[in-house]
């Protein structure tokens with residue numbers, strides 16, 4: 001925006017017409033000119049965000065208008081680097097940063113290479129990501145209000161999703177900060193939009209992934225002690241006081257249509273069900289809901305390699321959930337679980353049985369069906385499958401002759417609304433697919449609700 005000129009727009013159409021004029025400038029033959037156009041465009045967004053960018057959809061529309069423009073396509077790297085080094089890492093104004101961060105978020109979602117650039121550009125000589133530290137401080141010190149906090153949470157999630165954090169970065173993810181994120185989740189339980197709530201939860205999930213990767217690479221800390229996953233450490237102290245977090249974790253898994261989010265949730269669930277102090281982290285009724293979700297996903301997932309990997313992760317979670325939690329003493333759909341497991345590894349003419357899947361199922365049969373239920377493990381070959389119903393259009397449940405307990409939450413109607421998308425292979429943090437919106441009413445690509 002030109003200095004000394006005061007702009008006034010009668011309506012939103014005039015506002016967007018001015019943005020179009022900025023992007024239509026013909027004299028843009030250098031990175032310096034591109035940076036000036038970017039400064040002018042974002043300046044309009046900063047100054048008029050409270051009038052014309054009041055919803056996440058409006059913010060997304062304005063950002064993608066610039067991202068789709070020729071000036072950005074031609075000078076992408078220069079524009080992103082300039083914004084990072086001169087504004088994102090330097091400014092302390094929430095009003096300005098709300099737009100700058102939103103632009104970086106949408107640009108990074110559109111192109112993972114841009115998000116990796118955002119991460120790499122802000123790493124110092126010691127391997128510490130200074131920008132990530134700045135974002136954490138802005139969350140912890142409540143700078144800028146709810147809307148600003150949501151943008152930061154989502155930007156941090158995307159950054160942690162595409163690159164492995166250093167041990168120094170993980171040291172800044174302190175128990176106090178994790179407690180703060182969990183308090184956001186619990187305190188926003190009555191929030192109608194739930195956007196702040198779920199943004200905080202996704203960040204916790206990706207932090208857990210980062211701790212898992214660090215522990216796998218270096219199980220011993222610098223002082224010689226065992227490396228601790230700070231997420232689990234905090235959850236141990238929150239048993240009985242994390243009702244919203246535990247319920248929303250199951251809700252997110254039930255509604256997630258993105259393999260990345262599913263995998264992150266399942267990894268945390270596995271750690272919870274294999275950590276003795278957390279065996280009873282969930283209420284029994286919530287565990288029953290989780291059983292229904294797992295059974296549905298085991299049967300609805302397709303035969304593609306990505307789907308098979310996700311199915312195997314569900315099986316890895318199912319075993320400790322049935323053996324270590326309250327479900328060990330509270331029979332729930334035992335016959336249905338058993339029949340579905342048998343159907344998964346029974347020989348079929350039209351598809352071979354995956355060797356890993358077969359091993360995981362047999363392990364459940366031994367640990368749970370034989371060990372907990374005290375039932376004999378019958379040989380798979382020759383098992384009668386007439387009473388098994390499996391298909392993508394219904395919640396796959398074995399049709400048992402006896403009455404089964406009623407599912408407390410998950411219905412066929414819910415299943416009809418839930419699709420399991422595995423367009424991208426997801427078994428690690430690097431290269432995970434962009435998350436899709438979980439909230440009702442979210443539209444378009446990368447709206448600030450994902």
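Key figures for this structure:
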| quantity | calculated |
| --- | --- |
| Qualifying positions in segment 256-271 - touching a helix residue (DSSP H, G or I) at 6+ places or on another chain (Cβ under 8 Å) and within 15 Å of residue 201 (Cβ to Cβ) | 256, 260, 261, 262, 263, 264, 265, 266, 267, 268, 269 |
| Qualifying position, being farther than 23 Å from residue 50 by Cα and either buried (at least 19 other Cβ atoms within 10 Å of the Cβ) or at pLDDT 95 or above (or both), among 101, 75 | 75 |
| Any pair with Cβ under 6 angstrom, 6 or more apart, that starts in segment 112-125 at a residue that is free of Cβ contacts under 8 Å to residues at least 12 places away in the same chain and at negative phi and ends at one that is assigned to a helix (DSSP H, G or I) and surrounded by fewer than 16 Cβ atoms within 10 Å (Cβ to Cβ) | 124/130 |
| Qualifying residue in segment 62-69 (condition: under 20 Å from residue 144 (Cβ atoms) and buried (at least 16 other Cβ atoms within 10 Å of the Cβ)) | yes |
| Some residue of segment 146-162 being in contact with a strand residue (DSSP E or B) (Cβ under 9 Å, 6 or more places away or on another chain), modelled with pLDDT under 95, crowded, with 17+ Cβ neighbours inside 10 Å and closer than 20 Å to residue 261 by Cβ | no |
| Residue within segment 131-142 that is crowded, with 20+ Cβ neighbours inside 10 Å and either part of a loop (DSSP other than H, G, I, E, B) or in contact with a strand residue (DSSP E or B) (Cβ under 6 Å, 6 or more places away or on another chain) (or both) present | no |
| Test: residue in segment 349-366 that is outside any helix (DSSP H, G or I) and at pLDDT below 70 | yes |
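For every residue, the table says whether it meets (1) touching a residue at least 40 places away in the same chain (Cβ under 8 Å); (2) assigned to a loop (DSSP other than H, G, I, E, B); (3) under 35 Å from the mean Cα position of the chain (by Cα); (4) buried (at least 16 other Cβ atoms within 10 Å of the Cβ).
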| site | (1), (2), (3), (4) |
| --- | --- |
| 5 | no, yes, no, no |
| 9 | yes, yes, no, no |
| 14 | no, no, no, no |
| 27 | no, yes, no, no |
| 34 | yes, no, yes, yes |
| 40 | no, no, yes, yes |
| 43 | yes, no, yes, yes |
| 49 | yes, no, yes, yes |
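So that you can scan it fast, the table gives a plain yes or no per residue for (1) touching a strand residue (DSSP E or B) at 6+ places or on another chain (Cβ under 8 Å); (2) over 24 Å from residue 265 (Cα atoms); (3) without any contact (Cβ under 8 Å) to a residue 24 or more places away in the chain:
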position: 312; (1), (2), (3): no, no, no
position: 317; (1), (2), (3): no, no, no
position: 321; (1), (2), (3): no, no, no
position: 325; (1), (2), (3): no, no, no
position: 342; (1), (2), (3): no, yes, no
position: 359; (1), (2), (3): no, no, yes
position: 364; (1), (2), (3): no, no, no
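The values are calculated or read from the model by the stated rules, or taken from the named source; none is laboratory data. Quick caveat: nothing in here was measured; it's all calculated off a predicted structure. For neighbour counting, all protein chains shown are included, and Cβ atoms are generated from backbone atoms with ideal geometry for every residue, glycine included.
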